[in-house]
Amino acid sequence: MTVPIAIIGAGIAGLSAAQALQKEGLTVHLFDKGHGSGGRMASKRSEVGALDLGAQYFTARDRRFVEQIQQWQEKGWVAEWKPQLYNYRDGQLTPSPDEQVRWVGVPRMSAITRGLLKDVTVNFSCRITEVFRGKQYWHLQDTEGCSHGPFSRVIVAVPAPQATPLLAATPKLAAAAAGVQMEPTWAVALGFDTPLDTPMQGCFVQDCALDWLARNRSKPGREEHLDTWVLHATSAWSKQHIDLQKETVIEQLLGDFAELVGCAVPAPSFSLAHRWLYARPAGNHEWGVLADADQGLYACGDWCLSGRVEGAWLSGQEAARRLIEHLE
Ligand code: FAD
Ligand code: NAI
């Protein structure tokens, strides 16, 4: 019997590791507390279509990720998004075009992790609370009291605060994860029956509760019947208003949006708010992966690198590489 490798977290980091391990003929078993894959790259299904409430787009600076995106493009999972970009600063809205290549999943962000799930064993709606080692192998415990295993090795691919208790078997890894702070982001989606009278499709915002706006429907492959927008608040505003009612968050961020967008904003016919508790690491780390190779316990995710999709994917690759290296 081959003893599989457990991966906790089916976001882009966990699936990146899974893919790299499977390529080497290793068997993996994923666990995720969510109903589907993607984590912060997931798309929220709603009555107006699927909305990218987390990651908005991604860029690629590392050659390995550039090559990976090329392959995803050939499979039809991603396409380039060329938004009409603006910048808002000191009450001034100005066009802010640039040459940066930006990618999105099609027809929604979650298409990428959905594609990567093929041929992978996953338990969804399964929140792991404990990772422990028996004589030879690892076992996982979930919130329902079920035990899963045996596993030869475990990769923890969840945000740092959620990783900390799962790394308790190796206190050094747990301490490193515990030292990483992650900041929240309030996201609001809006839908308008009549398209807003602005060419804007994306906007970087300064000195405001808002940090970013995107016209969701302007991304390739989207078919929403409403003019849909996604607004992100800054980490500072989100932290300050962490326990606000969703209706109040919508009201306040809609107010700021209406003030800055530079055209009439009628009452939206659709709105929702989503709170990301662990949206982004407060600082940058260059670990790549945290590893206790002798025990076979690893941690990866965006917080081990750049806090972006690219960093999460690279960190998953690095976890797989370190694990494979130790097998040889
Ligand atoms: P995640 O996507 O968080 O995956 C972790 C998974 O683990 C989740 O699916 C979760 O359900 C699961 N999990 C957690 N705990 C447990 C447990 N105990 N048991 C089982 N499963 C568990 N990046 C960009 O590059 N460009 C952007 O424009 C961008 N915008 C963003 C906007 C927002 C609002 C947010 C929140 C993030 C944004 N990011 C952006 C960051 C990007 O989304 C992340 O860096 C990346 O998706 C992280 O991937 P990951 O696999 O490391 O973690
Ligand atoms: P990028 O290169 O497009 O943007 C990086 C930063 O450069 C932007 O945040 C913005 O400040 C600035 N910038 C880029 N182009 C600009 C333009 N045309 N006009 C004005 N400013 C411009 O993308 P990258 O480096 O891949 O970063 C991803 C994005 O994801 C960033 O905007 C980041 O803030 C965001 N992000 C948001 C998170 C959240 O929780 N809200 C979490 C992680 C990332």
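Summed over the range 81-99, residues that are in contact with a strand residue (DSSP E or B) (Cβ under 9 Å, 6 or more places away or on another chain) and in a loop (DSSP other than H, G, I, E, B) total 6.
I'm trying to understand the selection: among the residues of the range 179-206, which are within 15 Å of ligand 1 (Cβ to nearest atom) and either farther than 20 Å from Q252 by Cβ or free of Cβ contacts under 8 Å to residues at least 24 places away in the same chain (or both)? Selection gives V180, Q181, M182, Q201, G202.
For T2, the conditions (1) crowded, with 16+ Cβ neighbours inside 10 Å; (2) of a type in the set (S, T, N, Q); (3) at pLDDT below 95 are fulfilled apart from (1).
Would you confirm, using the coordinates I've provided, whether E318 is part of a helix (DSSP H, G or I), surrounded by 16 or more Cβ atoms within 10 Å (Cβ to Cβ) and within 13 Å of the chain's Cα centre (by Cα)? Judged against the criteria, E318 is not a match.
Restricting the search to strands (runs of 3 or more DSSP E) fully inside the range 1-69 and requiring at least 1 residues that are within 15 Å of W313 (Cα to Cα) gives 5-8.
Taking the criterion of being near ligand 1 (Cβ under 6 Å from one of its atoms) and under 20 Å from A157 (Cβ atoms), the residues of the range 29-56 that qualify are F31, D32, K33, G34, G39, R40, M41, G54, A55. Of all residues in the range 119-136, at least one satisfies being assigned to a strand (DSSP E or B), in contact with a strand residue (DSSP E or B) (Cβ under 7 Å, 6 or more places away or on another chain) and among the hydroxyl-bearing types (S, T, Y). Taking the numbered list (1) within 18 Å of P159 (Cβ to Cβ); (2) away from ligand 2 (no atom under 12 Å from the Cβ); (3) of a type in the set (A, V, I, L, M, F, W, C) in turn, F270 passes all entries but (1).
Pairs meeting the criteria (first residue in the range 47-65 and closer than 18 Å to P220 by Cβ and modelled with pLDDT under 95, second residue in a loop (DSSP other than H, G, I, E, B) and more than 7 Å from ligand 2 (Cβ to nearest atom), beta carbons under 6 Å, at least 6 apart or on different chains) are V48/E224; V48/L226; G49/E224; A50/S43; A50/R108. Please count how many residues of the range 274-286 are over 17 Å from S238 (Cβ atoms) and surrounded by 16 or more Cβ atoms within 10 Å (Cβ to Cβ). Summing the residues that are over 17 Å from S238 (Cβ atoms) and surrounded by 16 or more Cβ atoms within 10 Å (Cβ to Cβ) in the range 274-286 gives 1. Looking across W212, W229, one residue alone is in a strand (DSSP E or B), at pLDDT 95 or above and buried (at least 19 other Cβ atoms within 10 Å of the Cβ). It is W229.
For V78, the conditions (1) of a type in the set (A, V, I, L, M); (2) over 28 Å from C203 (Cα atoms); (3) buried (at least 18 other Cβ atoms within 10 Å of the Cβ) all hold with the exception of (2).
The values are calculated or read from the model by the stated rules, or taken from the named source; none is laboratory data. The model shown is predicted, which means the values in this text are computed figures rather than measured ones. Quick reminder, even Gly has a Cβ in these numbers, built from the backbone with ideal geometry, and neighbours come from all protein chains shown.
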